[in-house]
Amino acid sequence: MSKTAPGNLTFDATGVLTGEFNVDNYDYVLSCPDVAFQPPSTSPFAADVATVTYNDRNTDLIGNQPYTGTVGPAAIVVNFENGVTITAQLNDHISGSHGLAGGGAWSTK
């Protein structure tokens, strides 16, 4: 059965997508240093309220995981190959809708 946890996402001017989530009272961090956008986009964005959906934190939220998704104009959806999904409403709308892809590394604080 799927579980959810709250968190946030940011995409900064250096091109790194970062997420922080509180999962069963543990702080999980997602770092995606090489996000590929189609069409290209480098505008920073943030989502103060994000949700990660997973089955088991010990097997789903570990190591490096490839993903695809979409961002804009008002929301972001990130789908990982292992079934984990992150959804969020952006704090501010961005111009257009962009596909995204890359790899992300999960860690705990």
Restricting to the stretch 11-59, what's the tally of residues that are over 14 Å from the mean Cα position of the chain (by Cα) and part of a strand (DSSP E or B)?
4
From the list N8, N64, pick out the single residue that is of a type in the set (S, T, N, Q), open to solvent by 60 Å² or more (accessible area, probe 1.4 Å), part of a strand (DSSP E or B) and in contact (Cβ under 8 Å) with a residue 40 or more places away in the chain.
N64
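Considering the stretch 76-92 alone, what residues qualify as being open to solvent by 30 Å² or more (accessible area, probe 1.4 Å), touching a residue at least 12 places away in the same chain (Cβ under 8 Å) and either in a strand (DSSP E or B) or over 17 Å from N8 (Cβ atoms) (or both)?
Going residue by residue through the stretch 76-92, those that are open to solvent by 30 Å² or more (accessible area, probe 1.4 Å) are 77, 79, 81-83, 85, 87, 89, 91-92.
Next, only the ones that are touching a residue at least 12 places away in the same chain (Cβ under 8 Å) stay: 79, 81-83, 85, 87, 89, 91-92.
Scanning the stretch 76-92 gives N79, E81, N82, G83, T85, T87, Q89.
The values are calculated or read from the model by the stated rules, or taken from the named source; none is laboratory data. Not measured: the values here are computed from a predicted model. No Cβ is skipped: glycine too gets one built from the backbone with ideal geometry, and neighbour counts run over all protein chains shown. These area figures cover heavy atoms from the full protein model, side chains too; ligands, DNA and RNA do not enter into them. Shrake-Rupley method; radii C 1.70, N 1.55, O 1.52, S 1.80 Å.
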